[in-house]
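Each remark here refers to the structure printed beneath this line.
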Amino acid sequence: MTARYVLTSACIQSGTMALTASLRQRLLGKERVRFVDEDGEVYEVKVDWKGGLLTGLGPYYAKRRLAVNEVILLHFRGEEVELKALPRSLPRLEKPREDPKEAKEEVPKGEKRRVRVTPYPKEVLFPHEPQALEPPGVTEDLRRLGFLLEGGPPWLYKAPLGRRQVVLALLRLGEGKAEDLKPYRAQGAHVALLAPESEKEAVPRGIAHLSPEAVNRLVRLKGRFPLSALDLEDLLRQGRVDLEAVEALEDRLVAELSERGALAALLFLLARKRLGRCFCSRTSRPRPWRKASSPRWCARGWSFSPSLPSSS
């Protein structure tokens, strides 16, 4: 995809570039972007979502000696953005003035003047052909969580879970109206607006918020914990999928797995004891099962194996 940007005096003075609609769509969820110029020189550009600017392009403007109203082409190549400054337009040459006497042509009386009309080419009448919208950048992370894109906008994701499936209808902030998601909610799908963490306050009330940073954090957590589409569904039911909600989920998983680890260690220790024997948690001294299983000994903190001794 290629975008066209016209420089202003504010851009050149501050070394910035305004976040236009096309740039917001391509850079959604990113805090830093890698720009490469015509000579292969790399510029690390910071995305200021709050200010609506790209900062760090001053060296490129100075290198190319760019001026106001000059045009830069932005080619999006994966994780990089290629910069290409268009050459300056040549000065217009003044046409020589014609003698008004020579310019006038005598038209014979009784003959009509013929005027030739040249039709405009299609490129002039329709300079911007409609282009198909590209899916959100969070699509790849949702795929790793089990959601498959089926179309849009609104962007419809489905995660099959055997007899049922989790359906998510998504719209980027500013891409459409929240009312467009109501039919999907009536059909039982989860609906949400996709917006970065810095713009989550702009999400209207009554609709869930989903941030690309939170989904990416869930993908990283999947390498440590057995996460699936059900965990994302639980967060959607709470009304928000942001970094704060994902951190709370991580804390809960750590606590649950630590308790399960302690229980597993206890069961492993009990499995090493002989049947019909018990032990004290303090001294680990073996005792007969009948004595230790009495209420008096149990009240003192004795533990015993649930396996009863054989009748033989």
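The values are calculated or read from the model by the stated rules, or taken from the named source; none is laboratory data. Everything numeric here is computed off the predicted structure, so don't read it as measured data. For neighbour counting, all protein chains shown are included, and Cβ atoms are generated from backbone atoms with ideal geometry for every residue, glycine included.
A few remarks follow.
- Selected residue (only one of Pro212, Pro196, Pro204 is surrounded by 14 or more Cβ atoms within 10 Å (Cβ to Cβ) and more than 26 Å from Leu161 (Cβ to Cβ)): Pro196
- Checking each residue in the stretch 130-178 for being over 18 Å from the mean Cα position of the chain (by Cα), assigned to a loop (DSSP other than H, G, I, E, B) and either aliphatic (A, V, I, L, M) or surrounded by 17 or more Cβ atoms within 10 Å (Cβ to Cβ) (or both) picks out only Ala132.
- In this structure, Leu253 does satisfy being assigned to a helix (DSSP H, G or I) and modelled with pLDDT under 85.
- Residues in the stretch 179-195 that are small (Gly, Ala, Ser) and over 19 Å from the mean Cα position of the chain (by Cα): Ala186, Gly188, Ala189.
- Filter pass, Ala255 being touching a Gly at 6+ places or on another chain (Cβ under 7 Å) and among the hydrophobic types (A, V, I, L, M, F, W, C): no
- Residue within the stretch 63-85 that is assigned to a loop (DSSP other than H, G, I, E, B), within 24 Å of Pro212 (Cα to Cα) and modelled with pLDDT of 85 or more present: no
- Just one of (1) assigned to a loop (DSSP other than H, G, I, E, B); (2) at pLDDT 85 or above; (3) surrounded by 10 or more Cβ atoms within 10 Å (Cβ to Cβ) fails for Gly29. It is (2).
- Extreme residue, farthest from Pro212 (Cα to Cα), among residues of the stretch 231-250 that are out of contact with any Ser or Thr (no Cβ under 7 Å at 6 or more places or on another chain) and not in a helix (DSSP H, G or I): Gly239
- Applying the condition of being assigned to a loop (DSSP other than H, G, I, E, B) and in contact (Cβ under 8 Å) with a residue 24 or more places away in the chain to the stretch 179-205 and asking which residue is nearest to Leu236 (Cα to Cα) yields Ala189.
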